[in-house]
Amino acid sequence: MIIIWGGYFATNHPKIILESGYVDFIINGPGDHAFPQLLDAIENNKPFELIKNLVYLTHNGMVKNPKAEIPDQESLPQLPYDQLNSFYQIDKNYLGKTYLGKKTMAYHSSIGCPFTCSFCAVVPIYGGRWKAKSAESVYRDVKYIKDKWGADAIEFHDNNFFVSEKRTVEFAKLILPEKMSWWGMARIDTMDKFSDESLALIRAAGCRIIFFGAESGNDAVLKQLDKGGTQHGAQIIRFAERLKKFDIIPEYSFVLGTPAPTPEEVMAQIEFDIRFIKKVKAVNPRTEIILYTYSPVATEGSDLFNAVKEAGFHFPEKLEDWVSPQWERFDMRKNPLTPWLKAEHIDRIRNFETVLNGFFPTVADIRLNQLKRKMIRLMSGLRYRTGFYRFPYEIKLMHRLWKYRLPETEGF
């Protein structure tokens, strides 16, 4: 049997996967053309050297073929929703109840991202490239699913839906009469360039919440993360305040626990961002905050990854080690296993997160009624205002009893 893998993990860790003996080939990026070409080569005994995006082993070691251009999304066949529905009922299995609507569909309207952040697993796959479907094609698919199966909301799972203001505005005009709610991911420095007219139209067209990688309010850390673009701390706060007048909820993610020379400097960075997050909440209390602990990504050649290796961090050397519980949590950015983070750093981050989620329960948890929200907010208020985050067991107990939903691990 021949085994072929693809996706983020395979692209970021091809060597240990191929050397494990379990996997024969890796598709290193989009497989729209590489996968059928590989099947043809296997079936007809053709050489593999000319198949772009392919990684494999020879007696001389691992071979990485050149990257292919990202396929033009308009040239790809239309998605076979009716065929899917014939064996996997879309209305029962694909459309779920979320904060956005009773029948929320997931959709990818573009692939890649034009930025090269050194902490992002998307970069090795797409290399700072982005291609999208036209607004008309996206609307056609969404409209079809809405009319046939009753979808009333959309989660756009593009790595960066809002790259083009022109395309976003065109889609907003098309989707406006359909009265659907939607969500997508963006960059702050990109959307801050959108006009007020565009932002107002996007909200009128049903966009209720947008995910942004704020990462840090510390400009030095943003530089360390190689965020690119023009994003800076003051802009992050200003933009949260700007979105308030359009009734669009900004969903900001922060990455805490980046490497520093000493434990004291690591803690200082964490404390800086805790104070910064509270400033964001002060200007726009509806801002959703998602906290990640920095987990290294194998972006070979980046200054950040070089610093990570110099600090003593290394990935598992065997594929089997990745299925252990600690590395599973690493993949969720909750248990980083990094040598510069000590127990007190992790406790500080997690305890602050617990208090923050108590004082500002996420809107995404549709199971949490208003009475429960008021109760947990009242219980967390003194801790949040005074900065006393240690041992928040009473909040953790309420979260556990009510099965509090964490958007970063459970989605909407």
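The values are calculated or read from the model by the stated rules, or taken from the named source; none is laboratory data. Predicted, not measured: the structure shown is a model, and the values here were computed from it. So basically every Cβ, Gly included, is an ideal-geometry build from the backbone, and we count neighbours across all protein chains shown.
A few notes on this one:
- Helices (runs of 4 or more DSSP H) wholly inside the stretch 313-412 containing at least 1 residues that are modelled with pLDDT of 95 or more and of a type in the set (A, V, I, L, M, F, W, C): 343-359, 370-386, 393-401
- Residue selected from the stretch 356-412 under the condition polar (S, T, N, Q) and surrounded by fewer than 18 Cβ atoms within 10 Å (Cβ to Cβ), by the criterion nearest to H157 (Cα to Cα): T409
- Among residues of the stretch 31-58 that are closer than 21 Å to I125 by Cβ, those with a Cβ under 6 angstrom from a residue that is surrounded by fewer than 19 Cβ atoms within 10 Å (Cβ to Cβ) and among the aliphatic types (A, V, I, L, M), sequence gap 6+ or separate chain, pair up as F48/A41; K52/A68; N53/A68; Y56/V63.
- Residue list for the stretch 200-259, filter: small (G, A, S) and free of Cβ contacts under 8 Å to residues at least 12 places away in the same chain: A220, A234
- Flag for A311 being of a type in the set (G, A, S), surrounded by 18 or more Cβ atoms within 10 Å (Cβ to Cβ) and in contact (Cβ under 8 Å) with a residue 12 or more places away in the chain: no
- Once the stretch 182-222 is narrowed to residues that are over 24 Å from E271 (Cα atoms) and β-branched (V, I, T), the residue that is farthest from the chain's Cα centre (by Cα) is I202.
- For the residues F212, F239, F254, the requirement of being within 13 Å of T287 (Cβ to Cβ), touching a Lys or Arg at 6+ places or on another chain (Cβ under 9 Å) and either aromatic (F, W, Y) or surrounded by fewer than 19 Cβ atoms within 10 Å (Cβ to Cβ) (or both) singles out F212.
- Any chance A132 is surrounded by fewer than 20 Cβ atoms within 10 Å (Cβ to Cβ), modelled with pLDDT of 95 or more, of a type in the set (A, V, I, L, M) and under 30 Å from I249 (Cβ atoms): no
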